[in-house]
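Novice: A single structure is presented below for examination.
The values are calculated or read from the model by the stated rules, or taken from the named source; none is laboratory data. Model, not experiment: these values are computed from the prediction. Here the Cβ positions follow ideal geometry from the backbone for every residue, glycine too, while neighbour counts run over all protein chains shown. Protein only, heavy atoms only, side chains kept; ligands, DNA and RNA dropped before computing areas. Shrake-Rupley method; radii C 1.70, N 1.55, O 1.52, S 1.80 Å.
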Amino acid sequence: MTNNVLKSIALLIPVIGISFTCNALQLNTTSLTFKNNSKLQTLNLYNESDQPVSFQVVIFKWQVENHSVKKINSEDLFPSPAIFTLPAHESQALRVGLFANNNSKHVETYRIQLKQIPDKASDTQAKNSINILYNIEFPVFVYPKNPIKTQWNWQKTGPQQLTFTNSGESVLSFESISFIDKNGHHVKEQPRKYILPGVSVSFHVDNSKNIVSVQQKLRDLSSTKSTLVTL
C-alpha cells in the first residue's frame, strides 16, 4: 500500500475574534507490513503546514480477547525517533523495528499512534486561538513464518441479522458489499476495514426484503476477490 497517500488535516471552525489553524500531515503509506523475516520498515512524513509540529509515537498490540478487539500498549515494535519535531514543509523518516517474532499461525496486528504534542507557542496563544491536536493511527501487520489461509463464512444469525466471520489467518477488508433480495434488488452496505482473525461482524437487514445472497469484494492484505455468496 506504499502508493497510497494519507493526509491528516486539522480543520478548525472559525469563531469571530478568534483565529484558527489548519495543519496537514502527509504520510506515504496507510499501513506497514512485516513478512519474509523483515525486521525494519520506514514511514515517511511530510509537514504541509507553515508551522512546525511535534509528535510522540505510541505502539499498541491490536488483538482479540473474549471476542472483542482491544488495544494494549506494546514494546514489540520500536519506533525511531519516538519523539520528534517536524519543521514546516520538511520531511521525516520514521523507522519501525520489529523486536518480537510471530510464533502464531495467523497475522498479528498492531497500531501505531502519532500523537501531536502541543508546543509552547500554542499554549501562549491559546487565549486568542483555537488549536485542535490530532492523533493519527494506522495498522501494522506481522506475518507468521508459515503460509496463512484465508477463510470466512456467512450465517443468518437472526430474523434481521447476517453475520460475517473471519475464520482464517489473515486480516480481511470489504472494499464493497451489497445484499441481494429474492427480486434481485441490491442493498449496499458501508465497506468494513480490517476484520481481524476470529472476529465476527454483524449486519442488520430488513426481514421483509428476504435477502438470499451477498455480493462482496473482499481483500486479504495481498489480493482482492469478488464473490457472490448464496445464503
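Novice: Hey, among the residues in region 168-194 that are open to solvent by 60 Å² or more (accessible area, probe 1.4 Å) and part of a loop (DSSP other than H, G, I, E, B), which one's nearest to residue 137 (Cα to Cα)?
Specialist: My answer is 193.
Novice: Please go through region 93-121 and pick out each residue that is within 21 Å of the chain's Cα centre (by Cα) and over 28 Å from residue 151 (Cβ atoms).
Specialist: 93, 94, 95, 96, 97, 113, 114, 115, 116
Novice: Mind checking which residues of region 134-158 are assigned to a loop (DSSP other than H, G, I, E, B) and either open to solvent by less than 70 Å² (accessible area, probe 1.4 Å) or in contact (Cβ under 8 Å) with a residue 12 or more places away in the chain (or both)? Lay out the reasoning, then the answer.
Specialist: So in region 134-158, the residues assigned to a loop (DSSP other than H, G, I, E, B) come out as 134, 143-151.
If the condition is that a residue be assigned to a loop (DSSP other than H, G, I, E, B) and either open to solvent by less than 70 Å² (accessible area, probe 1.4 Å) or in contact (Cβ under 8 Å) with a residue 12 or more places away in the chain (or both), then 134, 143, 144, 145, 146, 148, 149, 150, 151 are the ones that fit.
Novice: Does any residue of region 115-133 turn out to be surrounded by 16 or more Cβ atoms within 10 Å (Cβ to Cβ), assigned to a strand (DSSP E or B) and either at pLDDT 95 or above or among the polar types (S, T, N, Q) (or both)?
Specialist: Yes, some residue in region 115-133 is surrounded by 16 or more Cβ atoms within 10 Å (Cβ to Cβ), assigned to a strand (DSSP E or B) and either at pLDDT 95 or above or among the polar types (S, T, N, Q) (or both).
Novice: Could you check region 42-99 and list, in sequence order, the residues that are open to solvent by 40 Å² or more (accessible area, probe 1.4 Å), part of a strand (DSSP E or B) and among the aromatic types (Phe, Trp, Tyr)?
Specialist: Matches in region 42-99: 46, 78.
Novice: Find all pairs meeting these conditions: Cβ atoms under 9 angstrom apart; at least six residues apart or on different chains; first residue within region 201-219 and assigned to a loop (DSSP other than H, G, I, E, B) and of a type in the set (Ser, Thr, Tyr); second residue at pLDDT below 95 and surrounded by 15 or more Cβ atoms within 10 Å (Cβ to Cβ).
Specialist: none
Novice: Against the definition (over 22 Å from residue 110 (Cβ atoms) and open to solvent by 60 Å² or more (accessible area, probe 1.4 Å)), how does residue 213 come out, yes or no? Steps first, please.
Specialist: Values: over 22 Å from residue 110 (Cβ atoms): yes; open to solvent by 60 Å² or more (accessible area, probe 1.4 Å): no.
So residue 213 does not fit the description; no.
Novice: What tally of residues in region 26-81 results from selecting those that are without any contact (Cβ under 8 Å) to a residue 40 or more places away in the chain and aromatic (Phe, Trp, Tyr)?
Specialist: Matching residues across region 26-81 total 1.
Novice: Now, a different point. For residue 195, indicate whether it is farther than 29 Å from residue 111 by Cα, of a type in the set (A, V, I, L, M) and in contact with a strand residue (DSSP E or B) (Cβ under 8 Å, 6 or more places away or on another chain).
Specialist: For residue 195, the condition - farther than 29 Å from residue 111 by Cα, of a type in the set (A, V, I, L, M) and in contact with a strand residue (DSSP E or B) (Cβ under 8 Å, 6 or more places away or on another chain) - is not met.
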